[in-house]
Every structure is written in structure tokens, then in C-alpha cells.
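Novice: So that we are looking at the same thing, I have put the structure below in C-alpha cells.
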Amino acid sequence: MNQKRIDAWNSDDLPIFEPNLFEVAKLPRDGSADREANLFFTTDVKRAIAEADVVFVSVNTPTKYAGIGAGFASDISWVELAVRTIAEVSTTDKIIVEKSTVPCRTAESIRDILAANGRPGVRFDVLSNPEFLAEGTAMNDLLHPDRILIGSLPNDDGYKAASSLVDMYAEWVPRNKIITMNLWSSELAKLAANALLAQRISSINALGAVCEAVGAEIDEVAFAVGLDRRIGPHMLKSSVGFGGSCFKKDVLNLVYLSECLHLPEVAAYWKAVVDINEWQKDRFAKRVVSTLYNTITNKRVAILGFAYKKNTGDTRESAAITIVQSLIAERAQISIYDPEVKEDQIWEDLGDSPAARKQVTICSNAYEACADAHAVVILTEWDEFKVGEYASTDVITPVSSGPPSPVSMDDGDESAKEKVFVSGITADKVHHSLRPKLNWARVAKMMQKPMFVFDGRNIVDPHKLETLGFRVQCIGNGRFGMRQ
Ligand code: UGA
């Protein structure tokens, strides 16, 4: 529907930043002497549907902002619109794959709309095939998924449709990783996976607050508990709060579903995951103010990172938005630097208010942002902000104050995530591990004294920064944090 965006997909400047995406898409899109192109970006949606045997419905399903279930339920109007278009233009049988994350039993609505609007004699089979890739590692997740989930109706037609999709994935995914099940289980499994992942982060952030109060360090606690194979080391990195377009939306979707099913205790349980996340962001912003002697009016605060995680330019639900808005309300002067987020996006996220325009400067490098700052606030874990050696892993490796740990948390699989994955693909043209690291000694020379660093991602080594004269506060760290 959006010609400008489709034009960007057909150009050398894709409309989103994702490591290796361009390298993966270019050859099938442009073809070569010995390969015909087989990937097309087009706004001619009717023709594309008419020619297809399988249609993946991959549209946005944001949280509803008005009407019944506002603030919790997912808006599936784009799914419905897509399905009505499919019904209208299809003249041959098709498999419709529900790829968007949807509320449970959406496949039933899809089947109903197709049955009521499809042409006579045209048959549709609906499958659920939720997506589990994460931004920043999407290409590797696509090529080496933990599992592919395919849900179908439990009858012969459903099994036949599912088996076609299994064959498609089996082109590159081992068959034992392709799981088939009941449609409704598949739809719920997607929500459940995101809810459980988000719950781990809220759990670790809640424990982080306890660490701050008792003098413990959350990275050490996470490291210790993660060694238990039943718990595992992933998704236990304490942070200023999870963001992204999925976690909050999907947990709230589960809350809404539970309420609709008259399960208020279940709804309250999952709602707490989102509440802790909001609390964590608020707590962090308050800490910045209280540490800077309870006022940041007209003080310069440098924000390093605006994306909701590293290796993406995506800012949806980024903790940075809430925190910068709180600092604007406190009348600070704010300089923001993020290596991938576009300037227009930051203005849009901040509401582009006169207050924002007056108080916020968007910088093209970290030094510009840090000049004359009273405090540096790290909100995204970009490698270039780290101190010391680059560690290519999302697994907890505590910046420990104790003796070095004999056990490595860096399992081979995970560390491979950020490396180059596909044979024939050269190194990512803008791989951020290749950017020069921030020279914190240079930053120290530019800042107002005393110099504060608030590390919302626990990526800097507070000991090293202290030797440069910084006063450092980390998340969930009783030694380098403040009791609230
Ligand atoms: C998430 C899931 O991880 C994917 O499996 C899922 O497919 C996707 O949502 C989706 O539903 O589309 P994504 O949001 O891209 O993927 O990224 P995550 O790596 O899960 O991170 C989400 C947020 O949690 C980020 O803000 C990240 O910084 C934060 N996070 C992550 C932590 O604070 N601590 C951690 O240990 C891990």
C-alpha cells in the first residue's frame, strides 16, 4: 500500500536497519548471471495474491487505542482487511498462513471471512505459523531457528496444508525442528513464549532492586542462577526496561484474553510483568534526578542510545522514550546520540512538542552529545559505548568485582548470533562491532564536574570508569548504585 516504502525495499537503502538483511535479500531480489530473481517487492497486491499458492499474512497487529479492550487487546483490522482482499481476488485454491502475532482463535475469524467472501469453488486452508525471530539477530534466527511452529485444523485438509508448509521450511530447516500442532495451541504458544521471555526480564529487574538495597550485584546473581540448566542463562540481563513492538503488546494481549475468559487472577499475574517494567523505567529516571542533587533544570544530560536494543534502528516502546520524556518534564537540556535511529523518528517519538524542540538536541556522534554534560545516561547497549574488550554475546557475563569466574557463559551457539552467517555473504557493511569504541577518557575531559554515568544496560565497567573520575551508577548493583 505504501509506494515509498516499497521503492525503498527495491533500492540499496532498505527502509529498516537489520544486520545482514541487505546481503540476504539482494541476490534473490536482483538476480545474477546464474540466478533468476525470485523476490519481488510490489504494491500490486491483487496480482501478487492471485499468482500465489501460499499467502503469508504478516501485517501489523498493534494494541488497540480506542474501543473495547483499548490499551490491552490487539487491533486485528489489518489482518481482516488483508483477508478480505485475499477472498476477493483469489480464483485458485490457497493456503493462508497467519504469520502476524494475533489473539487466540483469530484463525477461526479468518476462515469465516474467507468462507463468506471467497468465490465459489475456491478453497482456503488456514495455518498458524508464528514468527520467533528477534530484531538485531533476525537473519541468523531465520536461518537457524530454534523451532518452526505450524498449527492446523486437526483434519485431513489441515494436515495436508501443514505438510506443504513443512516441506517449504524443510528446504533449510532440519525436519526435527519443524513442529506441527493444533491451530489454537500454535496461536497461544506465540503469546506464551513472549510472555515468558518478558517475565524473565521483569523478574531479573525486580531482583535488581533488591540487589541495590542489600549490596548485591544483579549480573552476578543472574550468572549464578543461570548456571542451573533448568533456568538457563538467556534473557536475564537486567536493564532499564524491555521495549520493542512485541513484549508489552503480547503480554497485554494475554491479560485481555484472561480477563475475557473470566480468569482475573491470571490476568493480574501477567499484568504485573508490564507494571514492573513501567516501574523500572520510572525508577531509573527518578534516580538520575535525585543523584544530580534533586534538580536537573537546565543541566545537560547526554543520552547514549535511543533504540529499544542494539543492532536495530527500531524505537517502538523503547525505554529511552519514557526516560527522555521524564527528563524533559524536569526541564533538563538533553543531547541524544544513537548510531542507527533516524532523527525524524526521535522527534516523532518525543511528540515533537515545543518543549522537546527547545530542550533536546540530536547529535551525530557521542562526543557531541557528551560535551558539557553533567551526566551520561546509557539507554541502549550498543557495543561502541562499552569499555574494554568487545564481548559478542547476549548472555550474562558479569562485570564482576570478585575473582574472575572459571566458567564461561558464552555458549558457542549464541555467540555465533552476531557473526556472519551465510556462506557467500561478506561482513555486514555497517557492523557495529567494527565502529570505534567510545574513548571514555576523552569524554571525561569534556564533561562538567562531578561527572555522572547512569548505565541503564550494565555495559560499562564501573571500576574502569571510576579510575577516570566518573561516578557510576549501574542497574541492580548495590556497589555502584543508590538505594532509593
Ligand atoms: C522478541 C522475542 O525475543 C522474539 O522471540 C519474538 O519473535 C519477537 O519479540 C516478536 O514477537 O516479534 P525482540 O523484541 O526483537 O524479540 O527482542 P528481544 O531480544 O527479545 O528484546 C526485547 C527487549 O528486552 C529489548 O528492549 C531488550 O533490550 C530487552 N532485554 C532482552 C532485556 O532487558 N534483558 C534481556 O536479557 C534480554
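Novice: Once you've got the Cα coordinates, tell me which of Lys4/Lys271; Lys299/Lys437; Lys190/Lys271; Lys310/Lys445; Lys286/Lys449; Lys64/Lys281 are over 29 Å apart.
Specialist: The answer is Lys4/Lys271.
Novice: Treat every Asp and Glu Cβ in the chain as -1 and every Lys and Arg Cβ as +1, leave all other atoms uncharged, and give the resulting dipole magnitude about the Cα centre to the nearest 20 debye.
Specialist: That gives the chain a dipole magnitude of about 1300 debye.
Novice: If you average the alpha carbon positions of the range 5-58 and of the range 74-150, how far apart do those two centres end up, in angstrom?
Specialist: 19
Novice: Relative to the longest principal axis of the chain, what angle (0 to 90°, nearest 10) does the C-alpha long axis of helix 77-89 take?
Specialist: Rounded to the nearest ten degrees, it is 30.
Novice: Starting from the Cα of Lys94, draw a straight line to each of the lysines and keep only those under 16 Å, dropping any in the same chain fewer than 8 residues away.
Specialist: Here the lysines satisfying the reach criterion relative to Lys94 are Lys46, Lys160.
Novice: May I pose another question? Counting each DSSP H run of 4 or more residues in the chain as -39500 (n - 2.57), what helix-only mean residue ellipticity at 222 nm follows after dividing by all residues, to the nearest 500 deg cm²/dmol?
Specialist: -12500 deg cm²/dmol
Novice: Rounded, prolate or oblate: which fits the range 252-377 when a ≥ b ≥ c are the square roots of the eigenvalues of the alpha-carbon gyration tensor, with rounded for a/c under 1.5 and prolate only if a/b beats b/c?
Specialist: Prolate.
Novice: Projecting each Cα onto the charge dipole of the chain (Lys/Arg +1, Asp/Glu -1 at the beta carbon, about the Cα centre), which of Val173, Leu304, Pro436 comes out farthest on the positive side?
Specialist: Leu304
Novice: Rank-order 92-101, 57-66 by packing density, defined as the average count of other C-beta atoms within 10 Å over each peptide's residues, highest first.
Specialist: Most protected by this proxy first, the peptides run 92-101, 57-66.
Novice: What's the FRET efficiency of Lys464 with Val266 using the Cβ-Cβ distance as r and R₀ = 60 Å, to the nearest 0.05?
Specialist: Approximately 0.85, to the nearest 0.05.
Novice: Averaged per residue, what accessible area in Å² does the range 3-192 show with a 1.4 Å probe, protein chains only?
Specialist: 53
Novice: Could you sort Arg105, Arg147 by accessible area so the largest value comes first, with the probe set to 1.4 Å?
Specialist: Heavy-atom accessible area, descending, gives Arg105, Arg147.
Novice: Follow-up question, since we're still on this one. May I ask which residue of Gly232, Asn2, Ile150 lies farthest towards the positive end of the charge dipole of the chain, with charges of +1 (Lys, Arg) and -1 (Asp, Glu) on Cβ and the Cα centre as origin?
Specialist: Going by the charge dipole, the pick is Gly232.
Novice: Next question, about the same structure. Using the per-residue mean of other Cβ atoms lying within 10 Å as a proxy for protection, in what order, highest first, do the peptides 161-174, 233-246 fall?
Specialist: 233-246, 161-174
Novice: Next question, about the same structure. When the accessible area of the range 281-375 is split by element with a 1.4 Å probe, what percent falls to carbon and sulfur?
Specialist: That share works out to 45 percent.
Novice: Now for a separate question. For helix 183-214, what angle does its Cα long axis make with the longest principal axis of the chain, in degrees from 0 to 90 and rounded to 10?
Specialist: Tilt relative to the chain: about 10 degrees.
Novice: How far is helix 21-30 tilted, in degrees, relative to the longest principal axis of the Cα atoms in the chain, given as a value from 0 to 90 rounded to the nearest 10?
Specialist: Value to nearest ten degrees: 30.
Novice: Please report, for the Cα atoms of the range 61-176, the Rg to one decimal and the Dmax as a whole number; what are they, in angstrom?
Specialist: Values for the range 61-176 (Cα only, Rg and Dmax): 15.7, 44 Å.
Novice: Assigning unit charges at the beta carbon (Lys, Arg +1; Asp, Glu -1) and nothing else, what dipole magnitude in debye, to the nearest 20, does the range 3-192 show about its Cα centre?
Specialist: Dipole about the Cα centre, nearest 20: 420 debye.
Novice: Right, here's the next one. Find the Rg to Rh ratio for the chain, where Rh is the Kirkwood radius over alpha-carbon pairs and Rg uses the same atoms.
Specialist: 0.98
The values are calculated or read from the model by the stated rules, or taken from the named source; none is laboratory data. None of the values given here were measured: they were computed from a predicted structure. Glycine also receives a Cβ, built like all others from the backbone with ideal geometry; neighbour counts cover every protein chain displayed. Accessible surface is based on the protein model in full, side chains and every heavy atom, while ligands, DNA and RNA are left aside. Shrake-Rupley method; radii C 1.70, N 1.55, O 1.52, S 1.80 Å.
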